[in-house]
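Okay, here's the structure, questions in a sec.
The values are calculated or read from the model by the stated rules, or taken from the named source; none is laboratory data. A quick note: this is a predicted structure, and the numbers were derived from the prediction, not measured. Because the Cβ atoms are built from the backbone with ideal geometry, glycine has one as well, and the counts that use them run over all protein chains shown.
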Amino acid sequence: MKMLYKSILLAAGVMLAGVSKAQEVQVSAAMDSAAIQIGEQTVIHLEVTQNVGRTVQFPFYQDTIMKGIELIAVSPLDTVRLSDDRFTVKQDLLITSFDSALYYMPPFRFIAGQDTLLTNSLPLKVSTYEVDTESKEFFDIKPIKSAPFVFMDYYWNILGVLIVLFIIVWSLYLYKRWKFRKDHPEMVEKLAPKLPPHVTAMGALEDLKTKKLWQKGLEKEYYTSITDILRNYIEERYHIMAMEMTSAEILDALRKEETSKSAFLNLKQVLELADFVKFAKVKPLPDENELSLINAEMFVSQTVEVPTMDTTEATEKAADA
């Protein structure tokens, strides 16, 4: 009698423990629609109600729930607090099917520690579309229709082509210009505006001053440069062949021109001293060297030709170039 009493108590304890576990974790599965057409979608709602501190693992699927039922998306877990020691976890499975049939999805398995909890099974009917082949007229596939031309769809393409064409044309222009200047330097010189003689001479004398030839003991080179500058200036200014004339011939020619006495004496001092240095190897004093350059500049500035309208425009164009 005592053994029977103990057996009854043990069985009752096991049943109470099972009921306690069942109440501790509860799982369920529901579906929005149990009947869909081929290609339509429906949602399976999985739900777990459990106590705080328990860990329940949801079932995991990759591409299919079962053969014929495809899994499209799985939502993240959504937790809802019910009380201080109890909460609900939900998850949605988006499914579809492309085969018409009546499916019975097996129970969904949840793992809670050492226990496996199963939900109810879900049926899903997938129907195909009925095609009326007798009363309906079928048409062939329509040809591809061309989209209308919209300028803004090709705006950047057209702009890119125009930029490339501009770069090509501009590059060809620069190349031809460079080629022409290289092959016809004499034409470039003719096209270039010419500076007035006094501007060219004064610039050359200024450059000569910066070279400091006589300070380096190069008196002959110094006076040769001064006389060459003056001879070129006289040729341009008075239109006489000064580069082929002697100093005396140049002075005789300028006596016939309307040249002031001061300008004539300045030129005479430079030419005569230059002849002594170049031919008699005379070594002038530093003051004489500086005076020669000053007299050369004075001669040029005193004999500047009064510009006419044409020469004034030429001077302005040369300055702008």
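Out of everything in the stretch 282-298 that is free of Cβ contacts under 8 Å to residues at least 12 places away in the same chain and not acidic (Asp, Glu), what residue ends up being farthest from Ala242 (Cα to Cα)?
Going through the stretch 282-298, the residues free of Cβ contacts under 8 Å to residues at least 12 places away in the same chain turn out to be 282, 285, 287, 290, 294.
Checking which are not acidic (Asp, Glu) leaves us with 282, 285, 294.
Working: Val282: 24, Leu285: 27, Ile294: 21 Å.
Filtering first and then ranking leaves Leu285.
Within the stretch 20-34, is even one residue of a type in the set (Asp, Glu), within 51 Å of the chain's Cα centre (by Cα) and modelled with pLDDT of 90 or more? Step through it out loud before you land on a result.
First, pick out the residues of the stretch 20-34 that are of a type in the set (Asp, Glu): 24, 32.
After this cut, where a residue has to be within 51 Å of the chain's Cα centre (by Cα) as well, the list is none.
Looking for residues that are of a type in the set (Asp, Glu), within 51 Å of the chain's Cα centre (by Cα) and modelled with pLDDT of 90 or more, one finds none in the stretch 20-34, hence no.
Could you name every one of the strands (runs of 3 or more DSSP E) located completely within the stretch 43-83 that has at least 2 residues being surrounded by 12 or more Cβ atoms within 10 Å (Cβ to Cβ)? If you could, list the steps in order and put the result at the bottom.
Numbers: elements: 64-66, 69-74, 78-83.
Where strands (runs of 3 or more DSSP E) fall fully within the stretch 43-83 and carry at least 2 residues being surrounded by 12 or more Cβ atoms within 10 Å (Cβ to Cβ), they are 64-66, 69-74.
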